Amino acid sequence: MTTPSDDAARPVPVRVVLPADPLLGHPEQEVVARLWRRRQTATGWVYLVGLPSYRELEDGGVEAAEYRVWVRAPEHVRPVDGVDYDQVPTESLPPAPPKSVVSEVLGKRRPSGWILAKVREGRGPARGVLHAPDCEEAPEGAPLLDVQRALDAAENPGTQLCTLCGCAQELTPMLRGFDHIGDS
């Protein structure tokens, strides 16, 4: 939506929630202010509101003024019944860029890392199975291993590499080199 300049925009009333002041014992308060514009950010919406205030003149007098500030919506603003907010200048986030051809062809990427499922069968050294994080056989809540820790675990004779999730196909060339691939 286009955003006219502040001079061309006509503000509309909105209720602004002022914070409580525990030091003075004041609860939250609402005041009617003027809504000048709305902006969507990555963390949510913010509204530019003009709060009624006063300012001191050079001759010592005082006049009504407006203090403009951005506030979070909906936490700090409430609509005024019967007011149409459709004409408020609104800046939305630009649409998300289209997916790249690469991501469309390859699809969703697998999460990085590996998970070691420890298996204890009686006495003797610990045994385990290495899985990809998205493997159905991988235990939930197990720590994620980086490449070096996964390779260290894979070198243990008691560790197997899962063939269901492709862990064996991914780690075996790194363990034994890429030359053996054509041998089988």
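The values are calculated or read from the model by the stated rules, or taken from the named source; none is laboratory data. These numbers come from a predicted model, not from an experiment. Cβ: placed from backbone, ideal geometry, glycine included. Neighbour counts: every protein chain shown. Keep in mind that these areas ignore ligands, DNA and RNA; they rest on the heavy atoms of the full protein, side chains included. Shrake-Rupley method; radii C 1.70, N 1.55, O 1.52, S 1.80 Å.
If a residue must be touching a Ser or Thr at 6+ places or on another chain (Cβ under 6 Å) and modelled with pLDDT of 90 or more, how many such residues does segment 1-17 contain?
0
Suppose the filter is surrounded by 12 or more Cβ atoms within 10 Å (Cβ to Cβ), over 21 Å from the mean Cα position of the chain (by Cα) and over 28 Å from LEU171 (Cα atoms); does VAL77 pass it?
On the way: surrounded by 12 or more Cβ atoms within 10 Å (Cβ to Cβ): yes; over 21 Å from the mean Cα position of the chain (by Cα): yes; over 28 Å from LEU171 (Cα atoms): yes.
It is true that VAL77 is surrounded by 12 or more Cβ atoms within 10 Å (Cβ to Cβ), over 21 Å from the mean Cα position of the chain (by Cα) and over 28 Å from LEU171 (Cα atoms).
Identify, from the list GLU137, GLU121, GLU155, the residue that is at pLDDT below 85, open to solvent by 70 Å² or more (accessible area, probe 1.4 Å) and among the acidic types (Asp, Glu).
Values: GLU137 fails: at pLDDT below 85; GLU155 fails: at pLDDT below 85.
Exactly one residue qualifies, and that residue is GLU121.
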